[in-house]
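Every read-out reported here was derived from the displayed coordinates using simple, explicitly stated rules and does not represent laboratory data. Computed from a prediction, not measured in an experiment: that's the story for all the values here. Cβ coordinates were reconstructed from backbone atoms using ideal geometry, including for glycine residues, and neighbour counts include every protein chain displayed.
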Amino acid sequence: MRRLLKIYMEKPELAGIAFLIVLAVVFQVQSDGVFLSAQNLQGILGLMPEMALVAIGVTLLMICGEFDLSVGSVFALTPMVMGVLLADGVPFALAFPAGLATALTVGLINGLITVRFAIPSFITTLGMLFVARSLTVVISGGFPPIIPPDAMPREVFIAFVGPGDMFRMSFIWFVGVAVAIGLLLSHTNFGNWVRATGGFLPAAQSMGIPTSRVKIACFMLCSLLAGFAGTIQVMRLGAPLPSIGEGLELQAVAAAVIGGTALTGGIGTILGGIIGAVLIRVIDNGLVLSRVDANWFKLALGSLTIFAVIVNAWLRKKARAMKVETD
Amino acid sequence: MAPIIEIRELHKWYSGVHALKGVSLDVQPNEALGLVGDNGAGKSTLINILSGTQMADGGTIRYEGRPVTFRNPRDAMDAGIETIYQYNSMVPTMSIARNMFIGREPLKASLFGVGVMDGRKMAQESMQALADVDLHLRSPDALVGELSGGQRQGVAIARAMHFKSKVMILDEPTNHLAVKETQKVIGFVQSLKDMGITAIFISHNIHHVFECCDRIVAMARGEIVLDRRADEVTMDDVLDVL
């Protein structure tokens, strides 16, 4: 037991992996073997990157001790900026960076306001949730702009690839981003500062870490990933709807929390956030395949989130009660 | 011997409150100076200015003979002044090795100040640094949150030693520690002398100060009210002026 707790403290995402395996087995049985079929996995893997990218950003930000409720709106605003520009005949090479720059700007504003006025990011980004959503609707006029058919290089972002067309290109992008952010957090000095800033702010400050800049950088990364994820979804759908990404912010927080990230900051891993996102997709998909009424999805998601936080809190308390031995 | 720190006429106001009223103090190299005083006496303000977390409104500080201004904790740390607080010098959710090198991570390669940490070097050097202060922990990967209060102070002291600090400021390091742990921390402070490190020890507890300091400085109402060698003064003398 002691050993297991130690392992858990070092790898809090393991509980999520274990649960994922259990769920996969249950759904496999319930769906008469459809769940793990190539076709269904292709469906899960095709949609998963969009939410998982958002979850990666939110997880990073939560480890840094902050919160972003505006990711769902940025998820819509970013591709809308790109779409409006594309509809006006602006080439993709300009419209795509313009969209991402919008996302970065939103992150910068979120970060600056939170740090400068020392208010909870929960409030800053709640405001930004409305602001960014409103801007999305305003610049589109309420209707999706008509994007010329060949304006977006869809083959680079969403074409099917791999053996048996198992993956979309978005999955490759997602893996690349996940590895990059994961390494950033675990192997670089910046990652050390993020953890210190979220783990215990006074200590980070007294050790001379530029905590304000670290936080703002995390807000910007989080926003950028949400905008990129939204852009991928729009390429898949072909048109930027002003309403996409509604409720996504809460699913992303749920993913991070299910994956072992602490709301108080300092604890969590990128892999954990991804596993949380996969769990949410798997539950969504598995319930449908098991012929359960789809309206139960939110109940399952909500229960799992609460359950995960309780279990994580309990395990953490247990693990903390163990003292390090001296030789 | 020339003082390592010379403080002259230091002033600090907090929105109308005169927290430091022209404090002057010389700290000699390799001495253990005990700074005592009640809450609001100004000792924390003085320490915050020395450690770079606050800036003085007036007066000068000379360090090793040169005038200095510390704009942030990093400036003070780079100069060789390291501050150890009861609570806020360690991140409990991070490992010992990571805590040892917060803000000063050894990098294998870097770009614009961000780079890949040398994990092996961090692990080896942190274990060595701990052994140097006679603290033997099993793994550099243990979380600081799992350590006892005394062990944490040991790690903080080991960290300061590792980065070759010349002056160590210990701000209430014995607060809320058990008796045995307190003795351990006092032992750490006593051993600093052998290592040629100047110590400034702040405490509410006069007993702890007398146990490990050569010189006692007492502050009250923003001024220094007593400055004597520890063997020339009794605890009652100190209590009388506070």
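Numbers for the structure displayed
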quantity	calculated
Shape call, the protein assembly as shown: gyration tensor on alpha carbons, a/c limit 1.5	prolate
Shape call, chain A: gyration tensor on alpha carbons, a/c limit 1.5	oblate
Three-way shape label, the stretch A:36-174, alpha-carbon gyration tensor, a/c 1.5	oblate
Proximal charge balance of B:Asn72 [Cβ under 15 Å; K/R count +1, D/E count -1]	+1
Cα lying deepest toward the dipole's positive end in the stretch B:5-241, options B:Ser110, B:Gln54, B:Met77, charges on Cβ	B:Ser110
Span-like helix ranges in chain B, DSSP H, alpha carbon extent 15 angstrom or more, Kyte mean at least -0.5	B:149-162, B:179-194
Under 30 Å from B:Lys180, Cα to Cα: lysines that are on another chain or at least 8 residues apart	A:Lys6, A:Lys317, A:Lys318, A:Lys323, B:Lys43, B:Lys164, B:Lys166, B:Lys193
Cleavage-rule hits (trypsin sites (Lys or Arg not before Pro)) in the stretch A:104-187: DSSP loop, at most 12 neighbouring Cβ within 10 angstrom	none
Mean Cβ neighbour count within 10 Å, used as a protection proxy, ranking A:231-243, A:41-53, B:111-123 highest first	A:41-53, A:231-243, B:111-123
Averaged over A:188-198, number of beta-carbon atoms from partner chains that fall within 10 Å	6
Length-normalised contact order for chain A - Cα pairs under 8 Å, 6+ apart - percent	33 percent
Under the Karplus curve 6.51 cos²θ - 1.76 cosθ + 1.60, θ = phi - 60°, whole-Hz ³J(HN,Hα) for the stretch A:11-17, x wherever Gly or Pro sits	10, x, 7, 4, 4, x, 4
Residue-wise HN-Hα coupling along the stretch B:14-30, computed from phi with Karplus coefficients 6.51, -1.76, 1.60 (Hz; x: Gly, Pro)	10, 5, x, 8, 8, 7, 10, 10, x, 7, 10, 7, 9, 10, 7, x, 6
In order through the stretch A:189-195: 3J(HN,Hα) via Karplus (6.51 cos²θ - 1.76 cosθ + 1.60), integer Hz, x for Gly, Pro	5, 4, x, 4, 5, 4, 5
Partners for B:Lys108 among lysines (Cα-Cα distance below 17 Å; same-chain residues under 8 apart left out)	B:Lys121
Alpha-carbon centroid distance for the pair the stretch A:4-68 / the stretch A:91-142, whole angstrom	28 Å
Span from the the stretch B:16-31 Cα centroid across to the the stretch A:218-275 one, whole angstrom	51 Å
Long-range HN-HN contacts of A:Cys64 with modeled amide H, under 5 Å	A:Gly266
Dipole in debye (nearest 20) - chain A, about Cα centre, beta carbon charges: Lys, Arg +1; Asp, Glu -1	1020 debye
Cysteines without a disulfide-compatible neighbour (Cβ-Cβ under 4.7 Å), chain A	A:Cys222
10 Å Cβ neighbours from other chains, averaged over peptide A:255-268	1
Structure-based [θ]222 nm, the protein assembly as shown - -39500 (n - 2.57) summed over DSSP H runs of at least 4, per residue, nearest 500	-18000 deg cm²/dmol
Long-range amide H partners of A:Gly259 with built H, under 5 Å	A:Gly276
